[in-house]
Amino acid sequence: MTQRMANLLVCMISFLVLHLGCCQSVQDTECSNYLTEPSGVIFSPNYPLNYSVLLNCFWSIEVPEDNFVILNFTSIRTECGYDYVTVYDGSGALFPQLGWFCYQPDGIVVRSTSNTMHVTFSSDSVVTDQGFYATYTSMVSHAQCVETLSDLEGSLQSPFYPFNYTNNLLCTWLIQVPDEYILQLRFTKIETECSQDFVYVFDGSDSAAQLMGRYCDTPSEMVLVSTANLLYVVFTSDTAITKRGFYANYTALEKISSCNEVLTNLTGEFTSPYYPMYYPNHADCSWLIEVPVGYFISLSFPYLDTECGPDFIAVYDGSSSSDRLLGTYCNVTGGQRLTLDSRSNSFYITFISNTFVTRKGFEAYYEACEEFQL
């Protein structure tokens, strides 16, 4: 290699180094920000177009004291292995990491433990992608979780839901409606640490009342019905793991004065209390169907769903529970229909429920049919 060519090569390398360094410096300046508003947005340069190579960006978020930061990434699309978004739980990169992300097309939510959060984004010199877009909001860190609820319908939730609740919580909700109502409480989902964090529901005004249940992870909907106009809900968490918590809504239902009936028409229907809403605990109902002599009764249940075991329907072929028991029943599934025929002109049906789980119950129809005479 001649001296002239060597000098030319050195000049080219020097130019590239200086050029790339200059470009990176400009990019760093353009994509680094200090954010102090209580809410805002951050996104990779050029979003939704592809970001550039050799980026080194940061966003430092600081919201008012006694708040924490919730950062919601709607999408993250970067080259995994080389290009990353990193979130720190504090004002800089020396604080603990909350996450290190590359490809999260469905987004992700991150929450700080204080009023500051630091976000960095770096890319290498080769492949690029769409990048990311995120919004941030601030939320008061001292959530109100001791409440008395008196409206005929309403809701309650763990602090910060749908984000994770905090440690060392002792929350209470007293639901109290007028005396002529009972309460139906519906949990859409409960996500708590099953070894230490629990939701307790009491059938009364405080924790001395009957415990209806202690709950943690319940992936499906759960419904509880009070026996009177009061419910008391307690939520506790320990010093370690947290999860999303719970959301519940309640509805006040007018009390049914009695669920004991005598039915004498040739056709009729009856249902469990509050059907198609959930029946209450401690139900003790009876129906006497009595038609003229010379008729028998065809009884059908197009829908039947109770807690098998403790809650059931009993059907007697006669006018009381001392007559022949045709069977006890708790559910009819798969679109089937339970149909029973009496030997005489009367049927006696009872329905009982226990202290705990309730369901929709049942609906029943009957028809009197003349006996065939030879």
Size of segment 211-257 as Cα extents on the principal axes (Å, biggest first): 47, 20, 14
TRP100-GLU307 pseudo-label distance in nm [points 7 Å out on the Cα-to-Cβ vector]: 4.8
Of all DSSP beta bridges in the chain, antiparallel share, percent nearest 5: 90
Sequence of ILE352, ILE76 once ranked by neighbouring C-beta atoms within 10 Å, starting from the fewest: ILE352, ILE76
Whole-angstrom Cα spans of the chain along principal axes, big to small: 127, 49, 31
Between 0 and 90°, nearest 10: helix 3-30 axis offset from the chain longest Cα axis: 40
Pairwise FRET efficiency - SER205 versus THR264, Cβ, R0 = 30 Å, nearest 0.05: 0.10
Extended-chain gain in nm, criterion 0.36 nm per residue less alpha-carbon gap, TYR275 and GLU153: 42.1 nm
Distribution of pairwise C-alpha distances over segment 108-169, 5 Å bins, in %: 3, 10, 19, 16, 13, 12, 9, 6, 5, 3, 2, 1, 0
SER320-THR350 pseudo-label distance in nm [points 7 Å out on the Cα-to-Cβ vector]: 1.2
Residues of type aspartates and glutamates that LYS255 reaches as a straight line, Cα spacing below 17 Å, ignoring anything fewer than 8 places off in the same chain: ASP151, GLU153, ASP179, GLU180, ASP203, ASP284
FRET E, pair GLU180, ILE241, Förster distance 56 Å, beta-carbon r, rounded to 0.05: 0.85
Partners for LYS189 among lysines (Cα-Cα distance below 17 Å; same-chain residues under 8 apart left out): LYS243
Kirkwood hydrodynamic radius of segment 133-259, from inverse mean 1/r over distinct Cα pairs, in Å: 15.2
Calculated FRET value between THR74 and VAL332, using beta carbons and R₀ = 45 Å, to 0.05: 0.50
Rg to Rh, two decimals, where segment 233-335 supplies the alpha carbon set and Rh follows Kirkwood: 1.13
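Rule-based calculations on the coordinates, nothing more; no lab input. Everything quoted here is computed from the prediction, not taken from an experiment. Using ideal geometry, Cβ is built from the backbone for each residue, glycine included, and neighbour counts are taken over all protein chains shown.
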